[in-house]
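The values are calculated or read from the model by the stated rules, or taken from the named source; none is laboratory data. All figures in this text were calculated on a predicted structure; none of them were measured in a lab. All Cβ positions, glycine included, derive from the backbone under ideal geometry; neighbour counts span all protein chains shown. Accessible surface is based on the protein model in full, side chains and every heavy atom, while ligands, DNA and RNA are left aside. Shrake-Rupley method; radii C 1.70, N 1.55, O 1.52, S 1.80 Å.
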Amino acid sequence: MTLPGDWRERWVDLVTGRGGDPSFLAGGPIKDHAEGLAVYQEAWRLRHLEALQVETPGLTALVGDRMPALAAAYFAVHPSRSWTLDRVADRLADWLAAQGEPPEVVEMARLDHRVMRSFSAGELPPVMLGEDLGSLALQPHAALLHPTTDVHQFRTAVIAGSDRPPIAARPVWLAIWRAGRTVQTMEIPPATWAILSGLEAGLGLAGALEQAFASGHLQPDTLDDQVAAAFELAATHGMIGSES
Amino acid sequence: MAVRQVSKFDLPDLGVGVGFRVPHYRHVVETRPEMDWFEVLSENFMVEGGSPLYHLDHLSAHYPVVPHGVSLSLGGDGEPEHLRRLIALCRRVNAPWVSDHLCFVGAGGVQTHDLLPLPRTRAVRDHVVRRIRDVTDAIGIPFAVENPSTYVAHVDDEMPEWAFLAEIAEAADCAILLDVNNIVVSGVNHGFEPMDYLAGIPAERVVQIHLAGHTTLPSGFRIDTHDHPVPDPVWALYAAAIRRIGPVSTLVEWDDNIPTWERLAEEAATARRIRAESLS
Ligand SMILES: [Fe+2]
């Protein structure tokens, strides 16, 4: 067989397990072409499994022995499309949901993903006193999640190497952000969560407050206190910055 | 074999350095141990912020730093966002040059994250030359192309790898990062003489040498694992390369089963000694 015009695509199909005719490859004195190709195939499988495990420590601990099979099935549908292995888990949570996996598995994958994205995300300058609050934004390294299980407690125990608590079904309003060079997760009041998620959606301060009010988490009689508490918490922990 | 060529590129001889790897980040930035220079894996630092850039900035404040990539995919297509970030990285560390591999990493939008071998044809050669020229024009500093380890070849290969590399470097007017470990690995796997490879390389274009260890399977087949000390055949080829090329920046790669800093520094010291002996 001579070199096919689409040799790059054929190579990718062969390496990622999609099959094809490898007879345009040539072996050497020790391994023939199929055995040489197998080196690349095995390296691809292991590299992607390891990268996924690095990106999802909580999920890896939660699903245990199922991880290699889950990774193989996931990468068969969603091979990496980024130049960095840091993004291999980008589609994992949605894919797990589509497979009918239970909420704690899907939510753990989503939490892992947001935490790992936070490590190398950008950072806005802090909000200065007297600055126009219209420039207020959620830090690019911060994220809000609202899981239906307390997967964050299990994950925290995995990272700390301590005893893992059972995962309970309960609504959780969770903030994820980077403080210094470490990433934190914390349960926050629903009203604070609602305001910050409005900032996360790019609604600006007025839009975020409107959305939080509409969500029912901001009460008219305690509104001022709730808003003040939200900004004090967000500012103290460095979850917000200025886009100006 | 010709001895001591004059480099075509006005680049400094940085001495012998090591790869900057996660287990040593803290030790290096906090204690600033003696080391001539560092190579960083480009992709790990082409990010927006956080821990990677913190460590990079501390590193480049005290040592020469050269970015070395794995995803430029010279045999494939360029990606504007990737190139934009690579340029930003080079400027951030004031890189004297930047390098990546003679390979392709994916197609049709799918990335394999591996250094896949290129068919050694004239058409592919010309494609790589165009890609290197585009990259060099965009980055504005010398670009060095590195020979990878390979485990298969192609039925239509028209020339040996050293000729492929040499023709590309000449036509693209680029530099060469010569990985002597990869020459030993591929030499065994494909049945060529490492000294033939060395003799076929335009020495005046070599601006850097890579040293590393590899794995030998029971069959004798070699895998480029970067998880062992540099073995004797690689040291021997390194000595021959230094005699041919002259005093050229050298880098010890150790990426898996990463040893203590002290052990890694010892490997760099061995390289420094062999380099000095080969030059005398
Ligand atoms: Fe190398």
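Couple of notes before you dig in:
- Taking every alpha-carbon pair under 8 Å whose residues sit at least 6 apart, chain A reaches a relative contact order of 16 percent.
- The slack between residue A:50 and residue A:206, meaning 0.36 nm per residue of separation minus the straight C-alpha distance, is 51.8 nm.
- Here's how it looks for residue B:179: its modeled amide H is under 5 Å from those of B:147, B:210, which are all 5 or more places away or on a different chain.
- Rounded to the nearest 20 debye, the dipole magnitude of the protein assembly as shown is 660 debye, with +1 charges on Lys and Arg beta carbons, -1 on Asp and Glu beta carbons, and the Cα centre as origin.
- Evaluated at q = 0.13, 0.14, 0.15, 0.20 Å⁻¹, a Debye calculation over the C-alpha positions of segment A:1-101 (equal weights, vacuum) places log10 I(q)/I(0) at -0.55, -0.62, -0.69, -1.01.
- Applied to segment B:180-188, the Karplus parametrisation 6.51 cos²θ - 1.76 cosθ + 1.60 on θ = phi - 60° returns per-residue 3J(HN,Hα) values of 6, 5, 5, 5, 5, 4, 5, x, 5 Hz, with x for Gly and Pro.
- Computed over segment A:122-244, Kirkwood Rh from alpha-carbon pairs, angstrom: 15.2 Å
- Packing, taken as the mean count of other beta carbons within 10 Å per residue, orders the peptides B:36-43, A:219-226 from highest to lowest as B:36-43, A:219-226.
- Extension gain, residue B:276 to residue B:57: 0.36 nm times the residue separation minus the Cα-Cα distance gives 75.7 nm.
- Above 45 Å, the calculated P(r) of the protein assembly as shown contains 22 percent of its Cα-Cα pairs.
- Inter-chain neighbour count for B:39-46: the average number of beta-carbon atoms from partner chains within 10 Å of each residue's beta-carbon is 2.
- Remark on residue B:21: its backbone amide H falls under 5 Å from none of the residues 5 or more positions apart or on other chains, H modelled at 1.01 Å from N.
- Taking only protein heavy atoms and a 1.4 Å probe, the accessible area of chain B is 50% carbon and sulfur.
- Within 10 Å of the Cβ of each residue in B:49-56, the mean number of Cβ atoms contributed by other protein chains is 5.
- Note on residue A:168 and residue A:94: the model spin-label points, each 7 Å out from Cα along the C-beta direction, lie 3.3 nm apart.
- Chain pair B, A: total accessible area buried, heavy atoms, 1.4 Å probe, Å²: 3600 Å²
- Calculated from backbone phi, Karplus (6.51, -1.76, 1.60) coupling profile of segment B:226-232 in Hz, x at Gly/Pro: 6, 10, 10, x, 5, x, 3
- Only Lys, Arg, Asp and Glu carry charge here, each on its Cβ (+1 for the first two, -1 for the last two); on that basis segment B:139-235 has a dipole of about 300 debye about its Cα centre.
- Its residues counted as N, chain B yields a C-alpha radius of gyration over 2.2 N^0.38 Å of 0.94.
- Segment A:35-62-segment B:155-233 distance, computed between alpha-carbon centres (Å): 27 Å
- Per residue of A:3-9, other chain Cβ atoms within 10 Å of the residue Cβ number 6 on average.
- Extension gain, residue A:135 to residue A:186: 0.36 nm times the residue separation minus the Cα-Cα distance gives 15.9 nm.
- Farthest towards the positive end of the charge dipole of segment A:122-244, among the residues A:218, A:145, A:196, is the Cα of A:145, using unit charges on the Cβ of Lys, Arg, Asp and Glu.
- Calculated on the alpha-carbon coordinates, the convex hull of segment B:25-87 measures out at 84 cubic angstrom per residue.
- Residues in segment B:140-168 that, when all protein chains are in place, have 20 Å² or more less accessible area than the chain alone would give (probe 1.4 Å): B:151, B:152, B:153, B:154, B:155, B:156
- Percent accessible area from carbon and sulfur atoms, chain A, protein chains only, probe 1.4 Å: 55 percent
- A viscosity of 1.567 mPa s and a temperature of 4 °C, combined with the Kirkwood radius over Cα pairs in Stokes-Einstein, give a translational diffusion coefficient for chain A of 63 µm²/s.
- Each part reduced to its alpha carbon centroid, segment A:66-133 and segment A:158-208 end up 15 Å apart.
- Where labels lie 7 Å past Cα in the beta-carbon direction, separation of residue A:148 and residue B:94 in nm: 5.7 nm
- Since only B:264, B:199, B:210 are under comparison, the one whose Cα sits farthest along the positive direction of the charge dipole of segment B:145-280, derived from C-beta charges on Lys, Arg, Asp and Glu, is B:264.
- Phi-derived couplings, Karplus 6.51 cos²θ - 1.76 cosθ + 1.60 at θ = phi - 60°, listed residue by residue for segment B:156-169: 9, 4, 9, 7, x, 4, 5, 6, 4, 5, 5, 5, 5, 4 Hz, with x used for Gly and Pro.
- Rounded to the nearest 500, the helix-only mean residue ellipticity at 222 nm of chain A stands at -15500 deg cm²/dmol, with each DSSP H run of n ≥ 4 adding -39,500 (n - 2.57).
- Relative contact order %, segment B:16-279, counting alpha carbon pairs below 8 Å whose residues are six or more apart: 17 percent
- In this label model, residue B:158 and residue A:222 are separated by 7.7 nm, measuring between points 7 Å along each Cα→Cβ vector.
- Across segment B:143-280, counting alpha-carbon atoms alone, Rg and Dmax equal 14.7, 46 Å.
- Across segment A:110-244, the mean sequence separation of Cα contacts (distance under 8 Å, 6 or more residues apart), normalised by length, yields a relative contact order of 32 percent.
- Solvent exposure of chain B as accessible area per residue, Å², 1.4 Å probe: 37 Å²
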